[in-house]
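None of the figures in this text is laboratory data; all of them are computed from the coordinates on show. The model shown is predicted, which means the values in this text are computed figures rather than measured ones. When we count neighbours, we look across all protein chains shown, and the Cβ atoms used for this are built from the backbone with ideal geometry, even at glycine.
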Amino acid sequence: MSVKYQNVVPWGRSFQEYVDMFSLTDKDLEKSILGCGDGPASFNCEMNRKGKSVVSVDPIYEQDRDSIQKRIDETYSEVLEQTMANQDKFIWKNISSVEELGSIRMNSMSQFLDDFEEGKKQGRYVSGVLPELPFADASFDLVLVSHLLFLYSEQLSFDFHVQAIDELLRVAGEVRIFPLVDLDSRKSIHLDEIIGHLVSQGYVVSEEKVNYEFQKGGNTMLRIIHS
């Protein structure tokens, strides 16, 4: 089973959001990093400008720039309308309004689009889909998974989560996943069982609070490390 992305809209987050969501230290940023499901985030672009190493993997990267731009244009207003209708599920502190959210997201996505074709040639944007990634064992120090696993708990089964996380641990020594709530801001129905499974496999697992909360309750990440 692989992720069905037809209903996953492109929604780009920034370098600073990644730092906050995943509690990334200066030491972390020197590691070889894989961003899984990055979509049109500007994290890769901004890290490349800083001379850092990031590869992003997402099925959307099989498309060309114009096709991704078209998909963003088709879904942008819809996402903002849905956010407006569900404002009570979000914390309007660092981001003060739906309009500001739209501006921040579009800025990140514009940076991504400007970087995409060159980054793809350089091998920084790779087409791929969980639970089978096109990388050799232990290719990376750290994998970051933003707004995919656990968020889509109703759409993606427990078995899919197990297979996906096993694959992430195959390609990297450490995995961090954010957030741990679903689309309705409820704790993922898979979380406790996944943690138990990973601990039984001998991994070091911790749920850690981070300096980021936009979706209510979405202020922790899961950190998984090979023992």
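Take ILE224, ILE95 and order them by how many other Cβ atoms sit within 10 Å, fewest up front.
Least crowded to most crowded, the residues run ILE95, ILE224.
Does anything in the range 159-197 have its amide N under 11 Å from the 7 Å Cα→Cβ label point of LYS209, and if so which residues?
What the label zone holds, given the 11 Å backbone N cut-off, is no residue at all.
Modelling each spin label as a point 7 Å along the Cα-to-Cβ direction, I'd like the HIS226/ASN48 distance in nm, to one decimal.
2.8
Need the full-extension length gain, GLN87 to ARG186, defined as separation in residues times 0.36 nm minus the C-alpha distance. One decimal, nm.
The GLN87-ARG186 span can extend by a further 34.1 nm.
Mind listing P(r) for the range 87-148? All alpha-carbon pairs, 5 Å bins, whole percents.
4, 12, 14, 19, 17, 12, 13, 8, 2
Taking amide H atoms as placed 1.01 Å from N in the peptide plane, list the residues 5 or more away in sequence, or in a different chain, whose amide H sits under 5 Å from that of GLU213.
Answer set, sorted by chain and number: none.
For the range 141-156, just list the computed ³J(HN,Hα) in residue order, Karplus coefficients 6.51, -1.76 and 1.60, θ = phi - 60°, integers in Hz, with x standing in for Gly and Pro.
Computed from phi, the couplings for the range 141-156 are 7, 9, 10, 10, 10, 9, 6, 9, 5, 6, 4, 9, 5, 6, 8, 10 Hz.
Using the Karplus equation 6.51 cos²θ - 1.76 cosθ + 1.60 (θ = phi - 60°), what ³J(HN,Hα) coupling, rounded to whole Hz, does each residue of the range 73-84 give in order, writing x for Gly and Pro?
For the range 73-84, the Karplus curve yields 4, 5, 10, 4, 5, 4, 5, 5, 5, 5, 5, 4 Hz.
If amide hydrogens are placed 1.01 Å from N in the peptide plane, which non-local residues have theirs closer than 5 Å to the one on SER56?
GLY35, TYR125, VAL126
If exposed trypsin sites (Lys or Arg not before Pro) are those in a DSSP loop with at most 14 other Cβ within 10 Å, what is the longest stretch of the chain that has none?
Longest site-free region, per DSSP loop and neighbour criteria: 94-185.
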